[in-house]
Amino acid sequence: MRLRSLPRAPGKAVLPSVAPAPPDRCLSTRFFVTLAVLLSPISAIACADSPGPGPSAPGKPTQTPSRGTHAMPSITLPAPDPNLRAAPPTPAAADALVQYNLDRINALRATKKLPPLVHDAAIAAFARAGSEQLARDHNAHAHFAANTKRPPPGFGNRMAENQGDPGGVFVMDKDPTANGRKQIDVMIKLMFDEGPGGGHYDNMMNPLFRKVGIGLVYVADRLYMTNDFSN
């Protein structure tokens with residue numbers, strides 16, 4: 001996909017315009033944080049709603065991201081602090097972050113009068129494997145593409161995926177719980193702020209989806225995040 005950077009003001013992260021989507025149905029949105037001479041890339045990646053084997057519901061959303069060009073909104077982000085470190089969350093805290101991720105999505109769905117998503121353990125295992133692979137190879141949706149020829153356990157006949165930065169979301173707070181919440185907040189906000197026609201937004205707001213699996217993996221202080229959706 002060819003991405004064109006928009007003009008950006010100091011201290012602003014600007015999502016670039018999105019060129020027409022390629023046939024693989026996956027949309028990559030890259031934005032940049034600039035502070036003085038520091039340039040730090042962060043990405044949010046979406047693989048659009050994809051039907052598996054079986055009949056599709058009438059009036060279903062389009063299966064590919066919009067093929068038009070959209071100027072994405074700006075968002076102010078803190079610049080990464082190279083000296084900031086945070087310990088990985090404990091298992092209990094990690095479970096709480098998964099719930100926080102779920103609650104953030106459902107709060108946004110409620111603003112559109114959409115039913116809440118239910119967290120599915122089988123889809124969550126798939127999402128976690130996707131985050132683990134992303135942390136190893138930094139190749140967005142490689143796990144999803146290789147393992148969804150037929151619906152994996154937990155999935156219905158429609159499925160989609162959102163992933164965070166392929167390089168991991170940088171540390172934002174020394175407290176593990178506050179850090180995780182801030183990292184999730186940044187990714188969810190960027191996805192939602194795309195609005196209708198944006199791959200991430202459409203996945204989170206898809207009225208046909210009823211389930212989500214959330215995989216959060218920490219490697220070297222960075223969060224690798226996968227949200228997998230299904231009906």
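The values are calculated or read from the model by the stated rules, or taken from the named source; none is laboratory data. None of the values given here were measured: they were computed from a predicted structure. Cβ sites come from the backbone with ideal geometry, for glycine too, and all protein chains shown count toward neighbours. To get the accessible areas, we keep the full protein, side chains included, count just its heavy atoms, and leave off ligands, DNA and RNA. Shrake-Rupley method; radii C 1.70, N 1.55, O 1.52, S 1.80 Å.
Here are the numbers for the structure shown:
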| item | result |
| --- | --- |
| So ASP228, is it closer than 18 Å to VAL98 by Cα, of a type in the set (Asp, Glu) and either surrounded by fewer than 24 Cβ atoms within 10 Å (Cβ to Cβ) or in contact with a strand residue (DSSP E or B) (Cβ under 6 Å, 6 or more places away or on another chain) (or both) | yes |
| Of all residues making up the stretch 198-213, the number that are in contact with a strand residue (DSSP E or B) (Cβ under 8 Å, 6 or more places away or on another chain) and open to solvent by 10 Å² or more (accessible area, probe 1.4 Å) | 4 |
| Residue in the stretch 89-126 that is nearest to THR177 (Cα to Cα), counting only those that are among the hydrophobic types (A, V, I, L, M, F, W, C) and in contact with a His (Cβ under 9 Å, 6 or more places away or on another chain) | VAL98 |
| Checklist (1) of a type in the set (Val, Ile, Thr); (2) over 17 Å from ASP103 (Cα atoms); (3) surrounded by fewer than 24 Cβ atoms within 10 Å (Cβ to Cβ) applied to VAL169, failing item | (3) |
| The stretch 199-231 - residue that is within 15 Å of the chain's Cα centre (by Cα) and not in a strand (DSSP E or B) and, of those, farthest from VAL186 (Cα to Cα) | ASN206 |
| Residue tally, condition without any contact (Cβ under 8 Å) to a residue 24 or more places away in the chain, outside any loop (DSSP other than H, G, I, E, B) and within 26 Å of GLY195 (Cβ to Cβ), over the stretch 100-142 | 5 |
| Residue within the stretch 88-97 that is open to solvent by less than 20 Å² (accessible area, probe 1.4 Å) and either at positive phi or not aliphatic (A, V, I, L, M) (or both) present | no |
| Condition check for ALA145: assigned to a helix (DSSP H, G or I) and at pLDDT 95 or above | no |
| Selection within the stretch 119-134 - over 18 Å from LEU97 (Cα atoms) and open to solvent by 20 Å² or more (accessible area, probe 1.4 Å) | GLN133 |
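Residue-by-condition table, conditions (1) over 15 Å from ALA127 (Cβ atoms); (2) surrounded by fewer than 22 Cβ atoms within 10 Å (Cβ to Cβ):
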residue	(1), (2)
ARG150	yes, yes
GLY154	no, yes
MET159	no, no
GLN163	no, no
ASP173	yes, yes
ASN179	yes, no
ILE184	no, no
